[in-house]
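Chemist: Below is the structure I would like to discuss, written out as structure tokens.
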Amino acid sequence: MSGGMYQWRRMTPDQRAEALHARQLERRPWHSPPHREGDDGRYLLTAACFEHRPIIGVSPERMGGFEEQLISACRSASDAVIAWVVLPNHYHVLLHTPILGELLRLIGLLHGRTSHAWNGEDDARGRQVWCGMCETAMKSDGHYWATVNYVHHNPVKHGYVERWQDWPFGNAREYLEAMGRDEAERVWKTYPILGYGDGWDVG
């Protein structure tokens, strides 16, 4: 399935199952980060397409390819990539890095490469693809766990799926398998997202 706007909501159940199965074949295990109170180096990275346009989401192939490049770049400058999700017009990555400057440099290079490639593919030379990126330091373990919940809940929040594990471009399924249903539910209830992201997350 390629070309045109990537519309998960318009896919048939069989098409969704096929996309999810293809992504599952490439999964890597979920790893908890170094975990101590006030642990420095834990950040949530957030970036959106310019004017919230669904440029990442032109096709499942583009979304999957970008996800792989993004996580590869993050892993090369991080001790742990904890939670991530890629949506048609933005992404979130929660990670632990002792070298934030180098990580941001690598993400900047990735944004540059993808801008050039996608503008060529879309016959849109000169188009602005990305609207910068921000990093949010985790202030506490509670902030961290609420962020884990927030990242995995993002596709549900934006109406793409009804369950975390049904979104193929993230690691919610691996998280749930590693944590177990009971513990994941406990974490969800103990560290609710409430209004997390309101005012800066994109639709």
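The values are calculated or read from the model by the stated rules, or taken from the named source; none is laboratory data. Remember, it's a predicted structure, so these values are computed and weren't measured experimentally. Every residue, glycine as well, gets a Cβ built from its backbone with ideal geometry; the counts of neighbours run over all protein chains shown.
Chemist: Answer yes or no: is there a residue in the stretch 170-178 that is more than 21 Å from I71 (Cβ to Cβ), among the small types (G, A, S) and in contact with a Phe, Trp or Tyr (Cβ under 8 Å, 6 or more places away or on another chain).
Modeler: No: zero hits.
Chemist: Out of the residues in the stretch 54-79 that are among the acidic types (D, E) and either closer than 17 Å to R113 by Cα or part of a helix (DSSP H, G or I) (or both), which is nearest to the chain's Cα centre (by Cα)? Quick ask: steps written out before the conclusion?
Modeler: Quick first cut of the stretch 54-79, residues among the acidic types (D, E) only: 61, 67-68, 79.
Keeping just the survivors that are either closer than 17 Å to R113 by Cα or part of a helix (DSSP H, G or I) (or both) gives 61, 67-68.
Working: E61: 16, E67: 8, E68: 11 Å.
Filtering first and then ranking leaves E67.
Chemist: Taking M133 as meeting all but one of (1) of a type outside the set (F, W, Y); (2) in contact with a strand residue (DSSP E or B) (Cβ under 9 Å, 6 or more places away or on another chain); (3) at pLDDT 95 or above, write down the number of the exception.
Modeler: Only one criterion in (1) of a type outside the set (F, W, Y); (2) in contact with a strand residue (DSSP E or B) (Cβ under 9 Å, 6 or more places away or on another chain); (3) at pLDDT 95 or above is unmet by M133, namely (3).
Chemist: Going residue by residue through the stretch 97-114, is there one that turns out to be under 18 Å from P155 (Cβ atoms) and either buried (at least 21 other Cβ atoms within 10 Å of the Cβ) or without any contact (Cβ under 8 Å) to a residue 60 or more places away in the chain (or both)?
Modeler: Step one: of the stretch 97-114, the residues under 18 Å from P155 (Cβ atoms) are none.
No, the stretch 97-114 has no match at all.
Chemist: May I pose another question? Could you tell me how many of the residues in the stretch 174-202 are surrounded by 11 or more Cβ atoms within 10 Å (Cβ to Cβ) and small (G, A, S)?
Modeler: Residues flagged as surrounded by 11 or more Cβ atoms within 10 Å (Cβ to Cβ) and small (G, A, S) within the stretch 174-202 amount to 3.
Chemist: Being closer than 25 Å to D40 by Cα and out of contact with any Cys (no Cβ under 8 Å at 6 or more places or on another chain) is the filter here, so list the residues in the stretch 87-96 that pass it.
Modeler: Y91, H92, L94, H96
Chemist: Within the stretch 48-69, track down each residue that is surrounded by 20 or more Cβ atoms within 10 Å (Cβ to Cβ), in contact with a helix residue (DSSP H, G or I) (Cβ under 9 Å, 6 or more places away or on another chain) and either farther than 12 Å from F169 by Cα or not small (G, A, S) (or both).
Modeler: C49, I55, I56, P60, R62, M63, F66, E67
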